[in-house]
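Colleague: First the structure, which I've put down as structure tokens, then a few questions once you've had a look.
The values are calculated or read from the model by the stated rules, or taken from the named source; none is laboratory data. Computed from a prediction, not measured in an experiment: that's the story for all the values here. With ideal geometry, Cβ positions are generated from the backbone for all residues, glycine too; neighbour counts draw on all protein chains shown.
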Amino acid sequence: MVVLLDTRTVAATERLPAISAALEGTTAPCEVRYDDGPERVFTRIEAWRLGDLDVWRNEASGMRMTRQSRHLRADPDGRVAIAVQEAGQSLIHYDDADPDVRAGIGGLICVDLTKPYDYAWRGLGSAFCISVPAEQVGLPAHLVRTASRQLRTSPLYGLFQRHLLGLAHSTDAVAADPAAAGVAGASVELLRALLASAAHDVRFERSTRAATLLVQIRAYVQQHLRDADLTPATVARAHNISERHLFRVCAAADFSLEQWIIGRRLVGAHEELARASDVEVPIASIARRWGFRDPAHFTRRFKAAYGLTPRDWRSIALSEAGGA
């Protein structure tokens, strides 16, 4: 985690310019106004990088962020931002006929960065947000715009809400995990599914609905890679489906669940073996951490994937780190 700004360390006369600069680097250019005077203004902005995702938390006293047409002309942001409200109640108002969108604690707000808007909360508030390049979302701008105004109409709202809240509660641990890029990918796919569902566009809903279960399966596996009991049977039970249906879903996507689990576990073990902080941890213990109960099986799989035994890889990686 990087703390981009904490106004408690900034002189009152410098706070507003510092806040504008920090917000421009996390959300998009906008005008910021606060309910309180500079001497009472509070803002703390934390940021993470999760795969290709920008992740940040903004905790602040009562404020209003306004993105006007001049901001759009200067920076036509090609990103989709979605936030979960952690404290306070937020409101977003677009400069059109659409009704305001409100979010209390735990509520989601998807910010349409292609239109002018006012985004505000009163009193102390906090929001946790992920920002995704529009090309990764892969949906037309008009569909994202429609969905952002009616997220709650999607049956996937609760699923994404729980995912984002879980990520908010453990961001440091997830960002430091070797499987972080996989969690980022699952987050993007879940966001795509939510938006397509909320827009109620049949052309996109059908294809997205078919992929949603696989997204949930991937996310579940990423979160449980270290569980020795992670098997197709436990994955199927977790999603209330039969193993036959699980394998049918994976086969339709040309996706081998068992081999993917082994591959992701090997990546985690490969990275952990290279860490100097783990040099005293036996290789067999690291293998068990990543679900490999049999050391000989782990060694065979590791050598097949990387062309080296775990012991040889650890020796090379640590010697290179020591000489750097």
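Colleague: Tell me the residue from Ser285, Ser277 that is surrounded by fewer than 14 Cβ atoms within 10 Å (Cβ to Cβ) and under 19 Å from Leu225 (Cα atoms), please.
Modeller: Matching residue, one of Ser285, Ser277: Ser285.
Colleague: Determine which single condition Ala173 fails, assuming it passes every other condition in (1) more than 26 Å from Glu135 (Cβ to Cβ); (2) of a type outside the set (Val, Ile, Thr); (3) not in a loop (DSSP other than H, G, I, E, B); (4) not assigned by the TED database to the domain that holds Cys129.
Modeller: Only one criterion in (1) more than 26 Å from Glu135 (Cβ to Cβ); (2) of a type outside the set (Val, Ile, Thr); (3) not in a loop (DSSP other than H, G, I, E, B); (4) not assigned by the TED database to the domain that holds Cys129 is unmet by Ala173, namely (4).
Colleague: Oh, and also: If you go through region 151-170, how many residues are within 14 Å of the chain's Cα centre (by Cα), in a helix (DSSP H, G or I) and more than 17 Å from Ala81 (Cβ to Cβ)?
Modeller: Here the count works out to 4.
Colleague: Here's another thing I want to ask about it. Restricting attention to region 175-186, which residues are within 15 Å of Asp54 (Cβ to Cβ) and either among the small types (Gly, Ala, Ser) or surrounded by fewer than 20 Cβ atoms within 10 Å (Cβ to Cβ) (or both)?
Modeller: Listed by number, the residues that qualify are Ala175, Ala180, Ala181, Ala184, Gly185.
Colleague: For region 63-86, give me each residue that is surrounded by fewer than 18 Cβ atoms within 10 Å (Cβ to Cβ) and more than 21 Å from Leu190 (Cα to Cα).
Modeller: Passing the criteria: Arg64, Thr66, Gln68, Ser69, Arg70, Leu72, Arg73, Ala74, Asp75, Pro76.
Colleague: Does any residue of region 6-24 turn out to be among the polar types (S, T, N, Q), crowded, with 19+ Cβ neighbours inside 10 Å, farther than 22 Å from Arg192 by Cβ and at pLDDT 90 or above?
Modeller: Yes; the residues of region 6-24 include at least one that is among the polar types (S, T, N, Q), crowded, with 19+ Cβ neighbours inside 10 Å, farther than 22 Å from Arg192 by Cβ and at pLDDT 90 or above.
Yes/no matrix, rows are residues, columns are (1) in the same structural domain as Leu225 (by the TED database); (2) among the basic types (Lys, Arg); (3) without any contact (Cβ under 8 Å) to a residue 40 or more places away in the chain:
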{"site": "Leu273", "(1), (2), (3)": "no, no, no"}
{"site": "Val279", "(1), (2), (3)": "no, no, yes"}
{"site": "Ile286", "(1), (2), (3)": "no, no, yes"}
{"site": "Arg289", "(1), (2), (3)": "no, yes, no"}
{"site": "Arg293", "(1), (2), (3)": "no, yes, no"}
{"site": "Thr299", "(1), (2), (3)": "no, no, yes"}
{"site": "Ala305", "(1), (2), (3)": "no, no, no"}
{"site": "Arg311", "(1), (2), (3)": "no, yes, yes"}
